[in-house]
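The structure appears right after this line, and notes come after that.
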Amino acid sequence: MSPASRPSSSSVSSSLGYRHRHLLGIEGLSADEIGALLDLSESYVAQSRGDSKKTALMRGLTVINLFFETSTRTRTSFELAGKRQGADVINMSVAWSSIKKGETLIDTAMTLNAMHPDVLIVRHPESGAVKLLSEKVNCAVINAGDGSHEHPTQALLDALTIRRRRGGLKGLAVAICGDILHSRVARSNIHLLTALGAEVRVVAPPTLLPAAIEGLGATPFFNMREALEGCDIVMMLRLQTERMHGSYVPSTREYFHFYGLDREKLAAAKPDALIMHPGPMNRGVEIDSEVADDIDRSLIRAQVEMGVAVRMACLDMLTRDLRHNDTQAGAS
Ligand code: CP
């Protein structure tokens with residue numbers, strides 16, 4: 001199919017409740033669209049746990065992973081997800097690309113676009129860069145994290161993890177703790193959790209808590225114990241030192257004293273409150289090993305498992321029109 005003849009709207013995926021060509025963020029998605037992606041992810045949890053992990057769903061389609069920032073979980077799980085769906089998956093290493101010779105993001109995107117990929121998965125340090133790139137290419141684009149803006153598949157996998165343990169999100173109190181200022185995970189989660197009817201609290205030192213966060217529907221706290229009082233889920237965040245220009249906390253030791261999750265602070269939450277962290281974790285900075293490794297209450301490993309299922313679902317949803325149109329063309 002030529003780029004010009006690619007469908008501009010998603011007629012087949014919209015029949016499943018998702019009506020966008022790309023997945024650039026959670027902001028703007030309806031509760032039904034989020035629910036459709038989570039429901040589809042459920043089927044891929046079972047498939048990933050079974051003996052037959054691989055399908056031919058995306059046979060003949062090409063997925064390119066284009067990561068301008070480091071990643072362990074997101075890049076690996078997108079690669080696994082694409083391969084389990086039967087796609088050809090290319091991991092483009094920025095360190096060995098012509099970006100190192102000064103090629104711009106847009107020129108790189110247009111170059112890759114000329115090779116007719118079907119899905120581009122992009123992580124970039126600048127907020128808004130993935131949306132800009134999506135406007136220059138003909139294929140579906142998935143945001144794998146842009147600056148401090150959004151990380152939509154992380155929020156989806158977090159929601160799937162919670163939903164499977166608690167049966168739903170409506171009415172749950174979720175405390176998101178740590179470096180809110182620089183966190184795309186926090187932003188995507190606030191959009192998703194509020195859309196699905198959860199109460200969201202955010203807690204951080206004043207230097208790491210943007211005033212605008214209240215406008216997104218989250219209640220701000222500076223005191224960790226007050227924020228955790230009676231909550232169902234405690235979601236910890238890493239200090240994103242790579243985005244900090246200057247000093248935001250006096251020392252990591254003092255930061256852990258006031259904002260690090262340990263047994264004593266966790267006692268303010270509900271007795272069965274669950275612990276989450278998107279990774280990578282800095283043990284002893286934002287979370288104590290004793291709570292991170294608590295097999296009864298920590299969902300951190302489950303989050304990683306759900307990441308593959310959610311990414312398989314996103315690839316499925318965003319290529320439905322393409323597969324549908326190709327099937328029709330083959331039949332005519
Ligand atoms: N949670 C997350 O995005 O992890 P990676 O940076 O390892 O992909």
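Quick look at the values:
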quantity	calculated
Among the candidates Ser30, Ser41, residue that is open to solvent by 20 Å² or more (accessible area, probe 1.4 Å), more than 16 Å from the ligand (Cβ to nearest atom), modelled with pLDDT of 95 or more and closer than 21 Å to Asn189 by Cα	Ser30
Residue satisfying all of: in the range 73-88; open to solvent by 20 Å² or more (accessible area, probe 1.4 Å) and within 18 Å of His151 (Cα to Cα); nearest to the ligand (Cβ to nearest atom) among these	Arg73
Top-ranked residue in the range 144-163 [being away from the ligand (no atom under 13 Å from the Cβ) and crowded, with 24+ Cβ neighbours inside 10 Å; ranked as farthest from Arg311 (Cα to Cα)]	Ile162
Evaluation of Thr70 against (1) in contact (Cβ under 8 Å) with a residue 12 or more places away in the chain; (2) within 16 Å of the ligand (Cβ to nearest atom); (3) in a loop (DSSP other than H, G, I, E, B) (one fails), failing number	(1)
Residue that is surrounded by the most Cβ atoms within 10 Å (Cβ to Cβ), among those in the range 174-186 that are more than 13 Å from the ligand (Cβ to nearest atom) and within 13 Å of Gly217 (Cβ to Cβ)	Ile176
Qualifying position, being within 16 Å of the ligand (Cβ to nearest atom) and either open to solvent by less than 30 Å² (accessible area, probe 1.4 Å) or of a type in the set (A, V, I, L, M, F, W, C) (or both), among Leu23, Leu16	Leu23
Test: residue in the range 85-96 that is farther than 30 Å from Lys53 by Cα and either touching a His at 6+ places or on another chain (Cβ under 6 Å) or modelled with pLDDT of 95 or more (or both)	no
Top-ranked residue in the range 134-143 [being part of a loop (DSSP other than H, G, I, E, B) and in contact (Cβ under 8 Å) with a residue 24 or more places away in the chain; ranked as most open to solvent (accessible area, probe 1.4 Å)]	Lys136
Search result, residues across the range 171-196 that are of a type outside the set (Gly, Ala, Ser), over 13 Å from the mean Cα position of the chain (by Cα) and closer than 20 Å to Leu261 by Cα	Leu172, Val174, Ile176, Cys177, Asp179, Ile180, Leu181, His182
Residues satisfying the stated conditions in the range 278-327, i.e. open to solvent by 30 Å² or more (accessible area, probe 1.4 Å), closer than 29 Å to Met58 by Cα and among the acidic types (Asp, Glu)	Glu305, Asp326
Residue ID - nearest to the chain's Cα centre (by Cα), chosen from residues in the range 289-304 that are within 16 Å of the ligand (Cβ to nearest atom) and not in a helix (DSSP H, G or I)	Leu299
Failed item in (1) among the basic types (Lys, Arg); (2) touching a residue at least 24 places away in the same chain (Cβ under 8 Å); (3) in contact with a helix residue (DSSP H, G or I) (Cβ under 8 Å, 6 or more places away or on another chain), with Arg283 passing the rest	(2)
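Okay, residues lined up against (1) aliphatic (A, V, I, L, M); (2) crowded, with 16+ Cβ neighbours inside 10 Å; (3) in a loop (DSSP other than H, G, I, E, B):
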{"site": "Ala95", "(1), (2), (3)": "yes, no, no"}
{"site": "Ile106", "(1), (2), (3)": "yes, no, no"}
{"site": "Ala109", "(1), (2), (3)": "yes, yes, no"}
{"site": "Ile121", "(1), (2), (3)": "yes, yes, no"}
{"site": "Ser127", "(1), (2), (3)": "no, no, yes"}
{"site": "Leu132", "(1), (2), (3)": "yes, no, no"}
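The values are calculated or read from the model by the stated rules, or taken from the named source; none is laboratory data. What you are looking at is a predicted structure, and each value in this text was computed from that prediction instead of being measured. Neighbour counts run over all protein chains shown; Cβ positions are idealised from the backbone, glycine included. All accessible areas refer to the heavy atoms of the entire protein, side chains included, with ligands and DNA or RNA removed. Shrake-Rupley method; radii C 1.70, N 1.55, O 1.52, S 1.80 Å.
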